[in-house]
Each structure stands twice: as C-alpha cells, then as structure tokens.
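What follows is calculated from the coordinates using simple rules that are stated; it is not laboratory data. Keep in mind it's a predicted model, so treat the numbers as computed, not measured. All Cβ positions, glycine included, derive from the backbone under ideal geometry; neighbour counts span all protein chains shown.
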Amino acid sequence: MGKRIIQQARGHGSLTYRVRRRAYRFRICYPALNIEGKAKVVSIFDSPCHTSPLAKIQTNSGVFYNPACSGMFEGQEIVIGKPAKDGDIGKLKDIPVGKQIFNIEAYPGDGGKFVRTSGLSATITKKVEDKVGILMPSKREIFLNENCRATLGVTAGAGRKEKPFVKAGAKFYAMKTRNKFWPRTSAVKMNVIDHPFGSGRGKRIKSKIAKRNVPPGAKVGLLRPRRTGRKKR
C-alpha cells in the first residue's frame, strides 16, 4: 500500500512538518510612517529563523526589530527620516543615487520585504518622477514608490556560507530550526507507488505540467510554467 507523497504529508500538518512558532517570534518591521528622529540600538542578537543577526532598536514610541547593518554595534545612535550613514532608515527619495541599501519596502509602510538575507545589499540607480530604480542582488532592476523605506548599508552576517556544516546532524538541526524540508529525496529514486515520477526504469522522467489549482498530490513536475521547452537563442 502506498503512502502520501511529500506534498500531501506536509499539507496534512503532522508533527514532522510543524512550524516552530517560537523561532518566528521576532517580526522584522519599521516604525509607523509618521515617526522620525533619533533611535538607539539596544541589542544585537541571533534569531534562529533569520540568516542575519537582528537589531533591537528603541524609539520614543517603542521598539522594533530590523536586520543589523554590517558594522553596527550596541548603543549606536541611528536616524529615522533623513539617512546619512550606514544603519540609518529613510525613504528612497531621501537616499542618494549609488548608495547601498537593504530591507526595502515593497509598498510604503509594509515593514520591509526585499534584500534581508545576510551579506546582501541593493543599489539605487536612478530616480524617475515618483519612482526609484533599484538594482537588486540578482542584477535585475526594479522600480518602487519613492516613499518606500530602506536601511542604508549592507546586511550583517556576510560569509555565513563559508563555514561548512561538516556533519549531517548539524545540517539537520539547522533546517529543523527554520522548518525547512531536509533531506530531500529525489522523486525518480522513489517507488512508483510513492510518487508520479517513481520507478527508475531508465530514469526517464515523465514530463508533467501541473495546473494552477491542482491539489497537493498532483503538484509535481513543472508548476504553472510561463513557458516550456528548450530556450532558442
């Protein structure tokens, strides 16, 4: 008798695939849009589910958590509103062209959605009317509202991947902390009863294009692709 394939098992919500909610207790955000002035870095600490260390920042109206900037230290004073140095927070329209930024908002007030991984930064390239052009780490340029906020500098924690895990156990617990599925078994290595790609008869993978609204058991292969086939030059 077959068992549920991995997509179905994860959707079922057993203890194996349950999120460690405590790991996500620190929510990255910015203060309210109307809050400006000086703020102080109270502490810098490690968060299990984030790749970069987090900074706890105190303002007159309360505290908020932001990815730490490279070179930031406890007790440092930062500015919210008119950014001038690394660690300061401000709107894209107030940041000069050519500056490196991270934790960028997609819409004004959403708290930051882009470029939050350790060691990454984006670059402001141009300003066109009410839009600001940003060169992302993927080398793709996007345009955002000039009132979106960002933090000056580079996200702390660069070189995170330089230290090897060495042991499978270390990788297991690291993935478990962030609720990442690991280790991943290749579908063609499964039995035919456990996955649509199962049975290794010649390892010829059956091409399958899953529709957008299919249930988890059928979401295998290419998921709602924009195009298929070999790309012609």
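Some observations on this one:
- Cα→Cβ-extended label distance, 7 Å offset, between Tyr107 and Ile193, nm: 4.9 nm
- Considering only alpha-carbon pairs that sit under 8 angstrom and 6 or more positions apart, the relative contact order computed for region 28-160 is 26 percent.
- Taking the longest Cα principal axis of the chain as reference, the axis of helix 168-177 is set at about 60 degrees.
- For Val154, residues with placed amide H under 5 Å, excluding near neighbours: Ser70
- Beta bridge orientation in region 29-137: antiparallel %, DSSP, nearest 5: 90 percent
- Rg to Rh quotient for region 28-160, alpha carbon positions, Kirkwood Rh: 0.94
- Sequence-ordered 3J(HN,Hα) estimates for region 100-106 from the Karplus curve with 6.51, -1.76 and 1.60 and θ = phi - 60° stand at 8, 9, 8, 6, 9, 6, 7 Hz, glycine and proline given as x.
- Rounded FRET efficiency, nearest 0.05, which uses the C-beta distance separating Glu162 from Lys99 and R0 of 30 Å: 0.70
- Radius of gyration, Dmax [the chain; alpha carbons; angstrom]: 22.1, 66
- This ranking places Leu15, Leu223 by how few other beta-carbon atoms lie within 10 Å of each, fewest first, which gives Leu15, Leu223.
- Normalising the average separation of contacting C-alpha pairs (under 8 angstrom, six or more residues apart) by the number of residues puts the relative contact order of the chain at 18 percent.
- Summary of packing: across the peptides 211-220, 5-14, the per-residue average of other C-beta atoms within 10 Å ranks them, highest first, as 5-14, 211-220.
- Karplus-derived HN-Hα couplings along region 5-20 (A = 6.51, B = -1.76, C = 1.60, θ = phi - 60°), whole Hz, x at Gly and Pro: 6, 4, 4, 6, 5, 5, x, 5, x, 7, 4, 4, 10, 8, 6, 7
- The 3J(HN,Hα) values that the Karplus relation (6.51, -1.76, 1.60; θ = phi - 60°) gives for region 113-126 are, in residue order, 10, 9, 6, 10, 6, 4, x, 9, 7, 10, 10, 6, 9, 7 Hz. Gly and Pro appear as x.
- Antiparallel DSSP beta bridges within the chain, as percent of all bridges there, nearest 5: 85 percent
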